Structure formats: C-alpha cells, structure tokens
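FYI, it's all coordinate maths here, none of it is from the lab. Computed from a predicted structure; not experimentally measured. Heads up, the Cβs are rebuilt from the backbone with ideal geometry, glycines too, and the neighbour counts pull from every protein chain shown.
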Amino acid sequence: MSLLGTIVLSLNPAFCGELESASITFNVTVPGNRASDAKVYIAGSHAAAGRWKPASVLLTRRDDGRFHGQVTLRVGSVLAYKITQVSWETVEQDAGGGELANRRLRVDKDVKLGLVGKRGRESFSCRDRTHAI
C-alpha cells in the first residue's frame, strides 16, 4: 500500500508583489524596393516572440515603409531573436550572405529598437540602434 499526497502551494500576492513586465518595440527599416505586400517578422526565444517559429510576430508596415511591432516580456528575462521574411530561408544575413548570430536583449525596462537593414543575398541584414525609453 502506498500513500500519495498532494502538496498545494499558494502564493499570496501581498507577499510576492506583481511581476513587472516591459514592452519591446521593434521598428525595422528594410532597404530596397520591397513590394507593398512584403512581410517582416520577429522570431524569438519566448512565447510572446513565437518560440522560434520564423513567421511568428508579424510586423505592421507603416506609411513610411518601416515595419513596426511590439511584444511584452517579464522584466529580467532575456530575449534572443532574429528578423525574418516568412521563413528561415529568408532570415537576416550579413553582407556576404552568411548567417548572423541571434540578437539578444536583456529586458530591464521598456525599450524601442530601431533596426536599419542593408541588403544581403536573398534576404537582408541589419545593424542595431537601441533607444531606451
């Protein structure tokens, strides 16, 4: 005969406090003449960024041609991410067409990322300009 027990943990919000979150805003400029129906995505390591599915977070194209999107993550987390155009075959690349390392961002507060692209082979590459708000 075995004894099975259940342990229930209850966290009182008065003792724990609420988990703080922060907004990550992406503004991506893709160079060259892109079709008006071109799509740009963020794929990243957290559920809010699609858990590495290449067409996860669709960025909205604005009138000025830049692509904009936002995710919310818990403060203290680290987001690894890439910019894609639908699939891993069209992920951002360096100027020589090589694979770029994952971009990484430690989430400490709300942040706006301005990503300016340069042409790669069949894709594009970007360099970061980060502005905390």
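List of remarks:
- Here the spin labels are modelled as points 7 Å beyond Cα on the Cα-Cβ line, and at E99 and H68 they lie 3.4 nm apart.
- In terms of the mean number of neighbouring beta-carbon atoms within 10 Å, the peptides 93-101, 71-79 order highest first as 71-79, 93-101.
- Paramagnetic label reach from K112 (point 7 Å along Cα→Cβ; backbone nitrogen cut-off under 19 Å): within segment 69-90, residues 69-73.
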